[in-house]
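The structure under discussion appears below in the form of structure tokens.
Rule-based calculations on the coordinates, nothing more; no lab input. Note that the structure is predicted; figures quoted are calculated from it, not measured. As a convention, Cβ positions derive from the backbone with ideal geometry for all residues, glycine included, and neighbour counts pool all protein chains shown.
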Ligand SMILES: [Zn+2]
């Protein structure tokens, strides 16, 4: 089968297109003929590699995907051959105390599709039965590939972790990323007032179209913290801040929060080591939440809203499988607003 894979770690040039054997499924797995994959930042981290990461080469990337079930294992009972599916990219053992209590993303062997097992950038990929979710007829393969990873991440961090309530205000740093575009939509769905930041006019317009109430250009207004605090919140501060930027924004985030405000951290794209004024945390009794991926219940909750078209993934651009390096470069340069897709077949 045609696949995008690496034979060794390094720069994006290590991504190759070639022929690999179709994966063999286990009794509890299904084989999916891929239609679309969607890019995520983990791709680049995986290509570079990190200390302790040991992959069997060749390794196929890709965490999000959609397609048609071509083969089911002998023990599979909940999905059938010929059905259209999307996948939950979060994989866990299914047997430990965390998995059995519905906290699959706390599982010791929790991993992401394409991380420790072959991913979706190939003509046929396999997933455990419980990770395949049947598509209703109104949802295209494109939206089905675009939604899962970013929507499940945004859903967990806003609902389970931050417990965002109607009428609260929320600041989402960096409007263009996949998780941010999902978070803006979910926050509006909950009934919150959304403030977001971005770096160019085009993205500002798109964030407004998505429902953001206030969009600030942090490049042309370097003092954006003051604008948000004084003008937008009338010196009241923010209830919930989603900060995946890290080093560059964390101090501002702590300053902008209301007393009792909540800070949710799903990543740290500008650096994970930062100096903060700890007094901000105890004086204002700030609550800080980390968040990674989701459990199976949260995945199904948010996908139900996507299937009902109450939440709609934003597709920025589509590339062919052969153009994968160009696509990864595009994502890496932060040019996108929403998801970047890979058309496979
Ligand atoms: Zn487990």
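Assorted remarks:
- Under the simplified labelling scheme, the residue 138-residue 19 pair shows an inter-label distance of 4.3 nm, with each label point 7 Å from Cα along Cα→Cβ.
- Fully extended contour minus Cα-Cα distance, from residue 2 to residue 287, at 0.36 nm per residue: 97.9 nm
- The stretch 186-207 and the stretch 1-69 have Cα centres separated by 32 Å.
- Distance in nm between pseudo-label sites at residue 221 and residue 200 (7 Å out along the Cβ direction from Cα): 2.0
- To the nearest ten degrees, helix 296-307 and the longest principal axis of the Cα atoms of the chain are 90 degrees apart.
- Choice from 153, 120, 198 with maximal GNM fluctuation in the chain (Cα, 10 Å cutoff): 198
- Taking 0.36 nm per residue of sequence separation and removing the Cα-Cα distance, the residue 160/residue 45 pair yields an extension gain of 38.7 nm.
- Tensor-based shape of the stretch 272-345 (alpha-carbon gyration tensor, a/c under 1.5 rounded, otherwise prolate or oblate): oblate
- Selected from 66, 294, 80 as most flexible by GNM, with the chain as the system and alpha-carbon contacts under 10 Å: 80
- Relative to the dominant Cα principal axis of the chain, helix 178-190 is inclined by about 60°.
- Annotation for the stretch 315-345 versus the stretch 73-92: alpha-carbon center distance of 26 Å.
- Cα-based shape type of the stretch 87-161, given that a ≥ b ≥ c are square roots of the gyration tensor eigenvalues and the cut on a/c is 1.5: oblate
- Mean residue ellipticity at 222 nm, helices only, the chain: -6500 deg cm²/dmol; runs of at least 4 DSSP H residues each add -39,500 (n - 2.57), and the sum is divided by the number of residues.
- Build a GNM of the chain with springs between Cα atoms under 10 Å apart, and of 178, 18, 62 the one that fluctuates most is 18.
- Stretched out straight at 0.36 nm per residue, the stretch from residue 326 to residue 230 would grow longer than its current Cα-Cα span by 30.4 nm.
- For the peptides 129-136, 93-100, the ranking by packing is 129-136, 93-100, with the highest mean count of neighbouring Cβ atoms within 10 Å listed first.
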